[in-house]
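Okay, structure first, notes after.
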Amino acid sequence: MTQNRIGLPPPPPVGTTALAPGTFAGTAVFVTGAGTGLGKAIASEFARLGAAIVIASRKPEHLAAGAEAIRALGAEVLTVACDIREPEQITAAFDAATERFGRPAVLVNNAAANFPVPAEDMSPNAWRTVVDITLNGAFFCSRELGRRHLAAGTPASIVNVGASYAWTGGPGFAHSAAAKAGLKNLTESLAVEWGPYGIQVNCLVPGLFPHEDMTADIQDNLERTHDKDACQPALRVGQRQELGWAATFLASPFARFISGHTLVVDGANWQRRSLTNPPVVTIRDQMNRGPFEA
Ligand code: HXC
Ligand code: NAP
């Protein structure tokens, strides 16, 4: 007889909150990329707790979808078209946010870029684009928030959304993995530099959280693993509210002494390695690419 495999229990349903109602009342929370997927889920949990939400991203359809989700929760929302690669657009977005709700006291650097590509096929511009959005964009947003709070002498909290290949490397995603490693490291530098000024900086790493907004490239990559639950030690993938709860906790008054930390929400999936991993399949073969041609 074998031991029962029950996996990690499911979380409470969407709509439940651990923090007290109104925890973020009167607080403007600036979330990049909150029109889709995990950013929308994170913004929704802040909204449930009374925050006014600022959504910054490029595409009007994403901004509209995010705004609709936040309004449906009865919270206030402002959308700002902003490409986080452009510092002056970030400044304008923070100006608009401040005019509407007051200075944002929480920044969630959630926006990122990613697509699978063998390193040898990656163009210089493909590398630059992913690093520019995922790492440089997060720094530019953090800098904007930090300078405003330093000047005003007010406290703030930054949550950077990372990825576990920051530690392991990410074959097939070399650009994103390097950028996320940079983001984790940036978290640690800024937490020390800005702690004396009341600014807390943490990183939040999602495990596998499939969602309908995932880009076609990422979806295709995941389709290679049909039974995703069975591949996780938890025997299930993440539910979006679980990430939102972690983000709201990190930015809440109950986590004020946590800074420079990276919190992984992945049911222990990234530690699942051994010296006898499955046989090596090259990234080219995984992606059905033929032999490399210069
Ligand atoms: C190879 C690619 C490519 C692909 C784009 N490029 N897609 N190269 N394979 N699939 C190259 C282009 O050819 C170009 O290089 C360069 O990248 C820039 O492409 P553009 O289309 O001009 O860029 P832009 O319009 O700025 O769009 C950025 C983008 C796009 C990253 C390419 O996909 C995007 O906007 N993504 C945002 C959403 C996203 O990526 N979400 C994923 C987050 S999930 P050349 O040399 O031709 O000029 C995540 C973790 C998931 O991060 C974890 C896994 C489970
Ligand atoms: P997603 O739905 O593709 O979201 C990415 C968001 O970033 C989009 O809303 C996009 O909005 C925004 N964005 C991209 N480029 C931008 C730019 N230049 N300026 C402003 N906004 C930009 O992906 P997701 O799955 O929700 O991922 C959210 C975060 O979680 C990312 O940091 C990702 O790396 C991380 N993550 C996700 C998973 C997962 O399983 N889903 C796992 C590990 C880590 P616009 O297109 O409107 O600009």
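Computed 3J(HN,Hα) for the range 148-160, one whole-Hz value per residue from the Karplus formula 6.51 cos²θ - 1.76 cosθ + 1.60 where θ = phi - 60°, is 5, 6, 4, 5, 8, x, 10, x, 7, 9, 10, 10, 9, glycine and proline marked x.
Counting only chymotrypsin sites (Phe, Trp or Tyr not before Pro) that DSSP places in a loop and that have at most 12 other Cβ atoms within 10 Å, the longest clean stretch of the chain runs over 1-256. Between the exposed loop cleavage positions of the chain, defined as GluC sites (Glu not before Pro) in a non-H, G, I, E, B DSSP state with at most 14 neighbouring beta-carbon atoms within 10 angstrom, the longest gap is 1-211. For the range 146-288, calculate the relative contact order in percent as a whole number, restricting contacts to Cα pairs under 8 Å that are 6 or more residues apart. The value is 29 percent. Label sites at His211 and Met1, each approximated as a point 7 angstrom past Cα along Cα to Cβ, lie 4.3 nm apart.
Restricting things to alpha carbons, find the Rg to Rh ratio for the range 23-83 using the Kirkwood radius for Rh.
Values: Rg = 9.9 Å, Rh = 10.7 Å.
Rg divided by Rh gives 0.93.
Compare the Cα positions of Cys141, Ile90, Gln241 along the charge dipole of the chain (+1 at Cβ of Lys, Arg; -1 at Cβ of Asp, Glu; about the Cα centre) and return the one farthest towards the positive end. The Cα lying farthest towards the positive end belongs to Gln241.
Of Thr79, Thr248, Thr225, the sequence from fewest to most neighbouring Cβ atoms within 10 angstrom is Thr225, Thr79, Thr248.
Computed over the chain, the convex hull of the alpha-carbon atoms projects to a mean area of 17.2 nm².
All Cα-Cα separations within the range 60-207 were binned at 5 Å from zero, giving a P(r) of 2, 9, 17, 19, 19, 16, 11, 5, 2, 0, each value a whole percent of the pairs.
Rounding to the nearest 20 debye, state how big the charge dipole of the range 1-124 is about its Cα centre with +1 on each Lys and Arg Cβ and -1 on each Asp and Glu Cβ.
Details: 9 positive and 11 negative charges, 97 e Å.
Value, rounded to 20: 460 debye.
Dipole magnitude for the range 52-145: about 200 debye, using +1 per Lys or Arg Cβ and -1 per Asp or Glu Cβ, origin at the Cα centre. Rounded to the nearest Hz, the phi-derived 3J(HN,Hα) couplings of the range 185-202 under the Karplus curve 6.51 cos²θ - 1.76 cosθ + 1.60 (θ = phi - 60°) are 5, 4, 3, 5, 5, 5, 4, 6, 4, 9, x, x, 9, x, 10, 9, 9, 10, where x marks glycine and proline. This model, with +1 at the C-beta of Lys and Arg and -1 at the C-beta of Asp and Glu, gives the range 138-267 a dipole about its Cα centre of some 520 debye.
Sort the range 91-171 into rounded, prolate or oblate with this rule: let a ≥ b ≥ c be the square roots of the eigenvalues of the Cα gyration tensor; rounded if a/c is under 1.5, and if a/c is not under 1.5, prolate when a/b is larger than b/c, oblate otherwise.
Numbers: a/c = 3.29, a/b = 2.28, b/c = 1.44.
Verdict is prolate for the range 91-171.
Values quoted throughout were computed directly from the atomic coordinates according to the rules given, and no laboratory measurement underlies them. Remember, it's a predicted structure, so these values are computed and weren't measured experimentally. Glycine gets a Cβ as well: all are built from the backbone with ideal geometry, and neighbour counts include every protein chain shown.
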